[in-house]
Amino acid sequence: WLDIELTDTGFTAQDAAYFLATLGGTTSGSVSYQTYFDTSNTAFGKATELTSFSALGPAFANTASNILSSASLYSLTLLVRITHTGQQASSFDAAVKVPEPGTLLLLGAGFLALVAFTRRRRPRPVEVA
């Protein structure tokens, strides 16, 4: 198994805050996901479980929400566990947008036309005899 654990501390006190956890990807094993809230504001604190997904796979996308409140600073921690037996693979899907070549070609042609337009020759004055 592989555990991925992330934490952040120093969240300011809230009367009530809306919390949304979401996870998606593909796996030929299983994936579990937990989020925690800790009012002691310590890194990787796990005093209160906010959300939990378990045994996700092969293609998964889950979302859960919760409301938390704290009179003092607090920390949030998430733990993802990917479990495999034998030769299996997992991936977490992410989208990266890259401009297509046609878009760049059109943009370049536009700049060239603009340069040509601004550098065009002015008409020569007519000579009067």
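Output ³J(HN,Hα) for the stretch 3-12: one whole-Hz value per residue in order, computed from phi by the Karplus curve 6.51 cos²θ - 1.76 cosθ + 1.60 with θ = phi - 60°, and x for Gly and Pro.
Couplings: 9, 10, 10, 10, 9, 8, 10, x, 5, 6 Hz.
Pop a pseudo-label 7 angstrom from the Cα along the beta-carbon direction at both Ser72 and Leu114 and give the gap in nm to one decimal.
5.7
I need the phi-derived Karplus couplings for the stretch 38-45: 6.51 cos²θ - 1.76 cosθ + 1.60, θ = phi - 60°, integer Hz, Gly and Pro marked x.
Computed from phi, the couplings for the stretch 38-45 are 9, 7, 7, 6, 9, 4, 6, x Hz.
Accessible area per residue, 1.4 Å probe, Å², for the stretch 20-89: what's the number?
Averaged over the residues of the stretch 20-89, the accessible area is 50 Å².
Protein chains only, probe 1.4 Å: how do Phe60, Phe11 rank by accessible area, largest first?
Largest to smallest exposure gives the sequence Phe11, Phe60.
Step through the residues of the stretch 106-111 one at a time and calculate ³J(HN,Hα) from phi using the Karplus curve (6.51 cos²θ - 1.76 cosθ + 1.60, θ = phi - 60°), rounding each to whole Hz and writing x for Gly and Pro.
5, 4, x, 5, x, 5
For Leu76, what charge total do you get from the other residues with a beta carbon under 12 Å from its beta carbon, if Lys and Arg give +1 and Asp and Glu give -1?
Neighbourhood net charge equals -3.
Indicate the gyration tensor shape class of the stretch 10-89 (rounded, prolate or oblate), computed on the Cα atoms with a ≥ b ≥ c the square roots of the eigenvalues: a/c under 1.5 is rounded; otherwise a/b larger than b/c is prolate and the rest oblate.
Here the stretch 10-89 falls in the prolate category.
The values are calculated or read from the model by the stated rules, or taken from the named source; none is laboratory data. Keep in mind that this is a model prediction, so the values were computed, not measured. As a convention, Cβ positions derive from the backbone with ideal geometry for all residues, glycine included, and neighbour counts pool all protein chains shown. SASA here: full protein model, heavy atoms, side chains in, ligands and nucleic acids out. Shrake-Rupley method; radii C 1.70, N 1.55, O 1.52, S 1.80 Å.
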